[in-house]
Amino acid sequence: MLETKPPLSGSAASPSLAAREGEGTGTRPLSGASNPAMFSLQEVHSFYGDSHILHGISLDLPQGQAVGLLGRNGMGKTTLIRTLMGYVPARSGRVFADGRDVTNSAPEHMARLGIGYVPEGRGVFPNLSVRENLLMSARAGLDGSRGWTYERVLETFPRLKERLSNGGDQLSGGEQQMVSIGRALMTNPRLMILDEATEGLAPLVVAEIWRVIAQIRETGISTLIVDRDYKKVLAHTDKAVVMEKGRLALQAESADLQQQPENLSALLGV
Ligand SMILES: Nc1ncnc2c1ncn2[C@@H]1O[C@H](COP(=O)(O)OP(=O)(O)OP(=O)(O)O)[C@@H](O)[C@H]1O
Ligand SMILES: [Mg+2]
């Protein structure tokens, strides 16, 4: 499961703040950049067994940017995320953090480099209480920040206050999703990855999740958002990429994509 190990002393504890200098400067190519993206994939290929899933993915995730990841079912969105996180090996290509090669690092290492991951299907521990699910992942961010505390997560999701001693398996889908997001926030990440966070939830809960996603973005945390509601994704991101059979078929500013729905509908089948 995710992020269950305590932080190792030493190894990943040398926060490079170089990426912060790039704040607000937008996307830059990694090659030769004095100002590398916070996280970056370069020409990444991934497989499940013999199935070639990612075909040369290159994507920058700069500090402070919200990026939407769109594409029909089975196009490789989750695989891209799982390769970035180190759950799926990159058979070729590189993954960088602050310009340093971290290809095929363990997921725990990627989490410690500042990625809060809300996986498809949530991944809440059923046998732990809400309180335990949240507290187990508490730690300072890479830059020492402790802005996201247990209390702040409960203020963000007041509904969880009434469920603190309930087991993960006694929660509604919406509550599980709140725990999953809350747990990722408690790692004080600099990038939040949300893979289908609103999937299968009631409209009111969906609205609440989007409200929190907007709040997360306002605090300066970068986001990588996968969601079926492409209009919401475009409204909550700076740029968006569309995947087609393991390749990035389109990359553009989200605001521009909102103006050209015909391009999107061909790729998304909407
Ligand atoms: N564990 C696995 N073993 C083998 N093949 C897999 C595995 N997970 C996914 N795949 C295949 O890899 C391809 C990409 O799947 P992936 O889950 O990355 O797509 P996705 O864009 O996230 O789709 P969805 O919108 O349905 O979540 C699909 O063809 C899928 O069937
Ligand atoms: Mg998926």
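Values in this text are rule-based calculations from the coordinates and carry no lab data. Because the structure is predicted, anything quoted here is derived from the model rather than measured. Every residue, glycine as well, gets a Cβ built from its backbone with ideal geometry; the counts of neighbours run over all protein chains shown.
Below are the figures for this structure:
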quantity	calculated
Length released on extending from Arg72 to Ser172, taking residue separation times 0.36 nm less the Cα-Cα span	33.3 nm
Relative contact order, percent, the range 26-268 [alpha-carbon distance under 8 Å, six or more residues apart]	25 percent
At least 15 Å along the helix axis (C-alpha) and Kyte average at least 1.6, DSSP helices within the chain	none
Added length on full extension, which subtracts the Cα-Cα distance from 0.36 nm per residue, Leu164 to Asn127	12.0 nm
Extension gain (nm, one decimal) between Asp143 and His55, 0.36 nm per residue minus Cα-Cα	28.3 nm
Taking the range 125-212 and dividing mean pair separation by its residue count, relative contact order in percent (alpha carbons under 8 Å, at least six apart)	39 percent
Pairs from Lys161/Lys231; Lys161/Lys239; Lys77/Lys232 whose Cα-Cα separation, in the structure shown, is over 26 Å	Lys161/Lys231; Lys161/Lys239
Semi-axes of the equivalent ellipsoid for the chain, Cα gyration tensor, largest first, Å	27, 23, 18
Fraction of antiparallel bridges per DSSP, the range 165-270 only, in percent to nearest 5	55 percent
In sequence order, calculated HN-Hα J values of the range 249-255 (Karplus, 6.51, -1.76, 1.60; Hz; x Gly/Pro)	7, 7, 10, 7, 5, 4, 4
Inter-label distance, nm, simple model (7 Å from Cα along the C-beta direction), Lys245/Glu151	5.5 nm
